[in-house]
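J.: Mind looking over this structure? Questions follow.
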Amino acid sequence: MARTKSPYKTRLALTPYLLLSPAFLVLIFVVALPLVFSLYTSFTGYRLVRPDTLWNWVGTRNYERIFADLDFWIAFGRTILFLAIALNLEFILGLGIALLINRITWGQRTLRTIMMFPMMFSPILVGYQFKFIFNDNIGVLNNALQSLGISDAATPWLVDRYLALGSIIFAEVWMSTSVFAILLLAGLFAMPRDPIEAARVDGCSPWQVFRHITLPFLMPFAFIAMTIRSLDVARAYDIVDVMTGGGPAGRTELLWTLIARVGYDNARMGQANAMAYVSIILSIAFTYYFFTKLVAARRYMGGAA
Amino acid sequence: MSGPLKRRIVAVATWIGTFLLMLVICLPGLWVMLTGFRPNREVLAKPAIWIPEQFNLNNFAKIFGFGAEQIAIPVPAYFTNSLVIALTSTAIALIIGMSGGYAFARFRFPFKDSIFLGLMLSRTVPGIALSLPVFMIWSRIGLIDTKLGMIIVYTALNIPFTIWLIDGFFRQVPKEMSEAAQVDGCTRWQAFWKVEFPLAKSGIASAGIFAFLTSWNEYALASQLTRSTDSKTLPVGLMDFTAQFTIDWAGMSAMAVIIIIPALILTFLVQKHLIAGLTFGGVKG
Amino acid sequence: MSEIKLTNVVKRYGRVEVVHGINLEIAHNEFVVLVGPSGCGKSTTLRMIAGLEEISDGEIHIGDALVNDLPPRKRNISMVFQNYALYPHMSVRENLGFGLKIAKQSEAMIEERVGEAAEILGLSELMDRTPAELSGGQRQRVAMGRAIVRHPEAFLFDEPLSNLDAKLRVQMRTEIKKLHSKVKTTVVYVTHDQVEAMTLADRIVVMKDGYIEQVGTPMEVFNHPVNTFVASFIGSPPMNLIPARVESGKVKLADGASVPVPNRLADKVRDGQDVIFGLRPDDMTPEGHGINDTGQVATLELTVDLAELLGTETLLYTQLGGQDALGKMFDPRDVAAGETLRFRLSLDKAHLFDATSGKSVRL
């Protein structure tokens, strides 16, 4: 007895799409369409100062040019290095902090709240704060070193090639470690006692318990943190822009600051859009990678988490 | 090593570790806040003055245009812009996010996972990369350097994460609640407002606070899409200071304090729900 | 009148069909229990009646109305959920009155109905508490109260007792039974617990893998299971099912032992047929301890592997036809492992099922 789909059923089936449609509308207007436009632009020689160049189709020239450009590759490599160091440090420090706070019984909630503050700081403020602290002349760090008599020199934290990148990584890690710490701590709270106790009874050392029970259980939480982080890795742009502006002489140039320089300062929109596409693909790759890891880890845990 | 001694060493180490950790987390912010209450002279002094000799609200009076000293940076206008843009975009994102989050939490539909992933991926587009085409389009349709333009952009920015969080909060409300209400005679709409919404509302409120803070703190897009007192927000305004010949560290710090305070208060309000929302939405899938 | 009628009802999730065209008629004021192992489609069926799952194919009528396209609120039914689904942000009073308030009934009427339900279920003292302040049994009662205040055409129960501990479960079971005799209404009740089904139902519907296996009164289903699944599912401890073959008027078990073909089934089997011999533990008792001393009886010497003393009776684990089998002794006496006893098998109560189809040879 085959019945045709009744209007009632059709309405039920359409409801979720109807509920999602405002979200789609906004995202299409603000994200999808502009990205299509920017994809087009990346194949033109568009310059902000000469509007008619928008129709100047140049094929893949922008891409050829940026891929042949040493500055681009240096910035790209630096960005990857920056992310690799920052994310790993954040994970390790976050894990350490979570384990540390998990041991504390008194004032744990307060500590957790304080830990959240850096996460909520505007990246621009984090950048400013460390620009101020690392300032070679009046920065509190050099002042302290001098007052304590450790060093007389005005260490150029934000000027020296390596120190500057290190300072920026420090700011980034300061801002984002709490994402890991808080989620891993939530993981530790959610962790059932039984497997740990079973492992102890089975003769595992504390390290073995951590390695084989605690850590696998925490991995889904780590991947949530990674996913959340990779959603806006690019907010490092704010920090770099305030602290060094990508300088001096491009020594702290990341992919994102390079885009801004080429697009707005040099007004070469076509080329900037080509670079922007590289950065978008990078971000999506990061997020997608961690998201699939998250899904896999979740499946592996069998919903135990 | 004997047991009790070892335990004590571990305990002491734990406390020292925690103390150092809190120091690293708190000191930079506290130093900036402290600077906001000190005169620039003192900040620039060499050798450094560690114990503040003067401690007052002059910097705040100055940037808000009350004091004897005047500066060229219209902080009150930026403050208003920030507030209007963040509040409006948050309100819109919440409504849209509730609708979308509910769809994910309560309905089964084809391509659900892909749609969810797609929404999240839209959030990954780096602000600066997105700013290029939006800048071009907004320039053409007259949205550049307007509050409306910023509100639209921030709404889009906040939708994916708001949906993620709210999805999680609705999932925490058992599906049977809505079903029981429907059997009790509610339409789905009534069931939502009378049963599901009241149970999820504190979570939704924290999603709202999170969205507000995202807008309040955003810089990459605002730095390109705003240019005058019509729409410039506080984070962009902060950079005005660096354009001057000598940096007014004290004034800049005072402005930083104005940006930080709402973040601190709101974080404090939202922290419990935010942790719950993130872990739940993420882990339970 | 509030009959419920299911005609060729199918439920599909995408391509997967979980309920395969079931037919069922539930009479006015009848208490019907859908029972089966998890995943058998019983809850899905109930939820389709409630309108919480859409019906992929077929028709459901409540009273005279075709309800396929009616949302739950228009079906005039009420439902008790497995985890009660009480509204945590409302007091007991508000929980009970919620449905009436939604229906825009007058204050006075709501108060009267709520008072009446509270009276029936003994909730009067608890009216101003929130669900969080109630015990499991109290929550269960509020959930039932919420169902009865609206005077619906039918009550639907979805495993309502499975979250309670064993003692409370028995107590609430009787309360549900009493409630049904007080508030005469059609009830559809889903459970995986065959004891609940036996004690509560006017009629039992045994389901498996999305099919209805058997419909009948508890005694029909217990005494005349139509196939091996129903035979093993209904009754505790379950029926012994021993593979055998019919040879010249005897049921020959795998280990060579044999019993006569039960007289009443003699013309239902043919020689050489592979069958499954079914016998409930109650009908397999050591000589002198049983209650089944009349009628057709077979006697076998069986070795007891283990005896479990339950107080009033003793379960005897033994081997029959090379299979584990269970006998019963209505006498709390310990039996040493390895002791051999003469068992009397009540053939009047024995069942034979076809080995290939699993169906009772009676059919």
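J.: Per residue of A:262-275, what is the mean number of Cβ atoms on other protein chains within 10 angstrom of that residue's Cβ?
T.: On the way: counts 1, 7, 6, 0, 0, 0, 0, 4, 1, 0, 4, 4, 0, 3.
What the average comes to for A:262-275 is 2.
J.: Report Rg(Cα)/(2.2 N^0.38 Å) for the range C:4-233, keeping two decimals.
T.: 1.01
J.: I've got another one for you. Measuring from centroid to centroid over Cα atoms, what is the spacing of the range C:263-287 and the range A:200-236 in Å?
T.: If we compute the Cα centre of each part, the gap is 60 Å.
J.: Counting only other chains, what is the mean number of Cβ atoms within 10 angstrom of the Cβ of each residue in peptide A:218-226?
T.: 2
J.: Continuing with this model, one more query. Between the DSSP loop rule and a limit of at most 13 other Cβ atoms within 10 Å, which GluC sites (Glu not before Pro) in the range C:235-307 are left?
T.: Filter output for the range C:235-307: C:287.
J.: Can you sort C:351, C:289 by how many other beta carbons sit within 10 Å, fewest first?
T.: Fewest-to-most ranking of C:351, C:289: C:289, C:351.
J.: In percent, what relative contact order does the range C:150-296 have, based on Cα pairs under 8 Å that are 6 or more apart in sequence?
T.: Over the range C:150-296, the number comes to 15 percent.
J.: Could you please report the charge total around residue C:22, scoring K, R as +1 and D, E as -1 over all other residues with beta-carbon less than 14 angstrom from its beta-carbon?
T.: Overall, the nearby charge balance is -1.
J.: Quick one: if you stick a label point 7 Å off each Cα along the C-beta vector at residue B:189 and residue A:288, how many nm between them?
T.: 4.0 nm
J.: Is the range B:1-102 rounded, prolate or oblate when judged by the Cα gyration tensor, a ≥ b ≥ c being the square roots of its eigenvalues, rounded requiring a/c under 1.5 and prolate requiring a/b larger than b/c?
T.: oblate
J.: For the range C:64-144, list log₁₀ I(q)/I(0) at each q in 0.19 Å⁻¹, using the Debye formula over Cα point scatterers of equal strength and ignoring solvent, two decimals each.
T.: Each listed q maps to, in turn, -0.85.
J.: Just flag the chymotrypsin sites (Phe, Trp or Tyr not before Pro) in the range B:49-112 sitting in loop per DSSP whose Cβ has no more than 10 other Cβ atoms within 10 Å.
T.: Sites meeting the loop and neighbour criteria: B:50, B:111.
J.: Give me B:273, C:28 ranked fewest to most by other Cβ atoms within 10 Å of their Cβ, as a rough exposure proxy.
T.: Going from least to most buried by this count: C:28, B:273.
J.: How shielded is B:114-124 by partner chains, expressed as the average number of their Cβ atoms within 10 Å of its Cβ atoms?
T.: What the average comes to for B:114-124 is 6.
J.: Using Cα pairs under 8 angstrom and six or more residues apart, how large is the relative contact order of the range A:1-131, in percent?
T.: Details: 37 pairs, mean separation 11.7, N = 131.
Relative contact order comes out at 9 percent.
J.: Report ³J(HN,Hα) in whole Hz for each residue of the range B:189-196, in order, from the Karplus equation J = 6.51 cos²θ - 1.76 cosθ + 1.60 where θ = phi - 60°; Gly and Pro get x.
T.: After applying 6.51 cos²θ - 1.76 cosθ + 1.60, I find 4, 5, 4, 5, 6, 8, 10, 6 Hz.
J.: Classify chain B: rounded, prolate or oblate, from the alpha-carbon gyration tensor (a ≥ b ≥ c, eigenvalue square roots; a/c under 1.5 rounded; otherwise prolate if a/b is larger than b/c)?
T.: The shape class here is oblate.
J.: Continuing with the same structure: Using a 10 Å cut-off on Cβ atoms, rank the peptides A:176-184, A:142-150 from the highest mean neighbour count down. Please report the intermediate quantities before stating the final value.
T.: Numbers: A:176-184: 26.3, A:142-150: 13.8.
The peptides rank, most packed first, as A:176-184, A:142-150.
J.: Between residue C:362 and residue C:151, take the C-beta separation as r, use R0 = 45 Å, and let me know the FRET efficiency to the nearest 0.05.
T.: Calculated transfer efficiency: 0.60.
J.: Next question, about the same structure. Near residue B:146, within a Cβ-to-Cβ distance under 15 Å, what is the net charge of the other residues, with Lys and Arg +1 and Asp and Glu -1?
T.: Result for the neighbourhood of residue B:146: +2.
J.: Another question about this same structure. Please give the contour-minus-distance gain from residue A:105 to residue A:197: 0.36 nm per residue of separation, less the Cα-Cα distance, rounded to one decimal in nm. Mind showing how you got there, number by number?
T.: Numbers: separation 92, 0.36 × 92 = 33.12 nm, distance 1.97 nm.
Taking 0.36 nm per residue and subtracting the Cα distance, the gain is 31.2 nm.
J.: Please state the relative contact order of chain A as a whole percent: Cα pairs under 8 Å, 6+ residues apart?
T.: Details: 331 pairs, mean separation 75.5, N = 305.
Once normalised by length, the contact order is 25 percent.
J.: Using per-residue counts of other Cβ atoms within 10 Å, averaged over each peptide, order C:49-56, C:263-270 from highest down.
T.: Working: C:49-56: 21.2, C:263-270: 13.1.
Output ranking for C:49-56, C:263-270: C:49-56, C:263-270.
J.: Once you sort the root eigenvalues of the Cα gyration tensor of chain A as a ≥ b ≥ c, which label holds: rounded (a/c under 1.5), prolate (a/b larger than b/c) or oblate (the other case)?
T.: Oblate, since a/c reaches 1.5 and b/c is not below a/b.
J.: While we're looking at this one, here's another question. Taking the Cα atoms only, what angle lies between the long axis of helix C:92-102 and the longest principal axis of chain C, rounded to 10 degrees?
T.: 70 degrees
Every number here is computed from the coordinates shown, using simple stated rules; none is lab data. This is a predicted model, so every value here is computed, not measured. Counting neighbours? That spans all protein chains shown, and the Cβs are built from the backbone with ideal geometry, glycine included.
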